[in-house]
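> Dropping a structure here in structure tokens format, bear with me for questions.
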Amino acid sequence: MALQEAQPQPSYILRGHGAQVHSTSFIRSNTRLVTGDAEGWIVIWSLATKRPVAVWGAHEGSILGADAWGVDKIITHGKDNKLIVWKLSEADEGSMSVVLPVDTPPEPRKQPWLLYILHVNTMNFCSFAQCHLPSDVDNSSPEELLVAVPNILSSETVGPSFRFSKFLVLTILKVDIFHFPSSQRLHTVPSDPSFKGGMIMAISLFHHPLTTHLTVIAGYESGHTCVSQLSLDAGWKTLYISQPHTQPVLSLAVNPAKDFYVTSSADAIIAKHPIPSRAENIIMSIEDKPLKTVQTKHSGQQDLKMRNDGKIYATAGWDAKVRVYSTKSMRELAVLKWHKEGCYAIAFANVQDEELAAEDKGESTDLTKRVGKKTVKEERIWKSKTTHWIAVGSKDGKCERVNVMLNCGKLGMVEEVKEEMRPM
């Protein structure tokens, strides 16, 4: 059966943004969805009620990215050259406006408490990346965070008349890594002066699980991607560099084991790349080859995210379609279509098996309005935490959430394809 004959419908449509949705992210064990749009608005939705719980204007430019830091902080990155950390716990939501951006509130919407602000480079539309410090590094605490952004010096050292010159292109190949809560710049990841990759378009930041070495993956305007790693004795080293794309890299996603990653581009190619664990294992060459490339025939896959079990990933495309792929075979598994205009942001719910087991054992003492062993409210919260949602943001100002797991039986896929989509 052809996929077109069994198109799944969205489980919910979340309306309220007045501009294209550029960022989607599940936070707080999937009880909340954060969406950000091209006019700088942030909306936090309750997934139990499917209603907004906090709405505010976070930036004077388009939202590039938004995510949580712990349970009580939200990080937003805007095109106004600012990265802001807000304090917003679940208890704080009660004082926030719930009037959506398309509506006029009776009084001005308040902002959450502003904790930190960084002035960063956003000329290249690249969102920030973040990772926590390992617990065994210099007595670090869970409250410490590293944030990576394109090098700020590019916009400081080049005058306005040169912003679109070749000189600018050569000055923004570096990545800055900041520490929170100190707001101090800890590292600047260098690049080879001979490497002409253009602007940085996508970043990932993590500590490699085999070595705990800080690792940065970047995608460039030229279609290149590279992996750099910090070691105590040798400093920053480039472990891998490849150019699988003929157009700018638009997004990249790293698998949970940190042994490969996938890139999408303005061209129709999706590429799967290795992540070396250390420099001494590398045989250097002029350029490395990806593990696999796929010619999808669909140009402009703007955003790419991988599910937390590493088995599937999905892309949000300029053609208004969401495509789901297997990370193992790189085959297309499903096509989800509902939006009328281009899709720009996508996110998977982060469902943890151990969390499901703990939630499932919980029993309520309230004997009214029970669903099994849970009250109606508890059942809604449990469902929001344990459902494998995909959230998709579009140019038409709508955010759709499609339950792939509930709909996969309607896609007309053969059994081995359904098995690839099933969580481990």
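> How many of the residues in the range 26-45 are open to solvent by less than 10 Å² (accessible area, probe 1.4 Å) and farther than 19 Å from GLU341 by Cα?
Total satisfying the criteria: 9.
> Inside the range 196-206, can you point out the residues that are open to solvent by less than 30 Å² (accessible area, probe 1.4 Å) and touching a residue at least 40 places away in the same chain (Cβ under 8 Å)?
GLY198, ILE200, ALA202, ILE203, SER204, LEU205, PHE206, listed by residue number.
> Please specify each residue of the range 74-91 satisfying the condition of being over 14 Å from LEU118 (Cβ atoms) and either open to solvent by less than 20 Å² (accessible area, probe 1.4 Å) or not basic (Lys, Arg) (or both).
The answer is ILE74, LEU88, SER89, GLU90, ALA91.
> Pick out, from the range 114-195, the strands (runs of 3 or more DSSP E) lying fully within it that include 1 or more residues that are buried (at least 19 other Cβ atoms within 10 Å of the Cβ), modelled with pLDDT of 85 or more and of a type in the set (Asp, Glu).
175-180
> Further question on the same structure: Do we have HIS77 as under 24 Å from SER182 (Cα atoms), modelled with pLDDT of 95 or more and outside any strand (DSSP E or B) here?
Here the answer is no, as HIS77 does not meet what is asked.
> Collect the residues in the range 207-227 that are in contact (Cβ under 8 Å) with a residue 40 or more places away in the chain, crowded, with 19+ Cβ neighbours inside 10 Å and of a type in the set (S, T, N, Q), keeping them in residue-number order.
Within the range 207-227, THR215, THR225 meet the criteria.
> Give ARG278, ARG307 a once-over and let me know the one that is surrounded by 18 or more Cβ atoms within 10 Å (Cβ to Cβ), more than 25 Å from ALA38 (Cα to Cα) and either under 21 Å from the mean Cα position of the chain (by Cα) or not β-branched (Val, Ile, Thr) (or both).
Exactly one residue qualifies, and that residue is ARG307.
> Also, quick follow-up: Does GLY300 satisfy the condition of being within 22 Å of ILE390 (Cβ to Cβ) and open to solvent by less than 10 Å² (accessible area, probe 1.4 Å)?
Taking the combined requirement at face value, the residue satisfies it.
> Another question, then. Taking the stated definitions as given, is PRO8 in a loop (DSSP other than H, G, I, E, B) and either surrounded by fewer than 24 Cβ atoms within 10 Å (Cβ to Cβ) or modelled with pLDDT of 95 or more (or both)?
yes
> Here is a follow-up. Can you tell me which condition ALA48 does not meet? The list is (1) modelled with pLDDT of 95 or more; (2) open to solvent by less than 30 Å² (accessible area, probe 1.4 Å); (3) touching a Lys or Arg at 6+ places or on another chain (Cβ under 9 Å), and all the others hold.
With (1) modelled with pLDDT of 95 or more; (2) open to solvent by less than 30 Å² (accessible area, probe 1.4 Å); (3) touching a Lys or Arg at 6+ places or on another chain (Cβ under 9 Å) applied to ALA48, the lone miss is (1).
> Of all residues being small (Gly, Ala, Ser) and touching a residue at least 24 places away in the same chain (Cβ under 8 Å) in the range 80-130, which is farthest from PHE180 (Cα to Cα)? Just the residue, please.
SER97
> So, ASP259, is that one within 23 Å of the chain's Cα centre (by Cα) and either modelled with pLDDT under 95 or open to solvent by 20 Å² or more (accessible area, probe 1.4 Å) (or both) or not?
yes
> TYR240 versus (1) under 20 Å from the mean Cα position of the chain (by Cα); (2) assigned to a strand (DSSP E or B): which is the lone unmet condition?
Going through the list (1) under 20 Å from the mean Cα position of the chain (by Cα); (2) assigned to a strand (DSSP E or B), TYR240 breaks only (1).
> Another question, then. Return the residue satisfying two criteria in turn: it lies in the range 352-389 and is farther than 16 Å from SER46 by Cα and among the hydrophobic types (A, V, I, L, M, F, W, C), and of such residues it is modelled with the lowest pLDDT.
Residue satisfying both the conditions and the ranking: LEU367.
> Picking from GLY16, GLY70, which residue would you name as being open to solvent by 20 Å² or more (accessible area, probe 1.4 Å) and at pLDDT below 95?
After applying the criteria, what remains is GLY70.
The values are calculated or read from the model by the stated rules, or taken from the named source; none is laboratory data. These numbers come from a predicted model, not from an experiment. As a convention, Cβ positions derive from the backbone with ideal geometry for all residues, glycine included, and neighbour counts pool all protein chains shown. Protein only, heavy atoms only, side chains kept; ligands, DNA and RNA dropped before computing areas. Shrake-Rupley method; radii C 1.70, N 1.55, O 1.52, S 1.80 Å.
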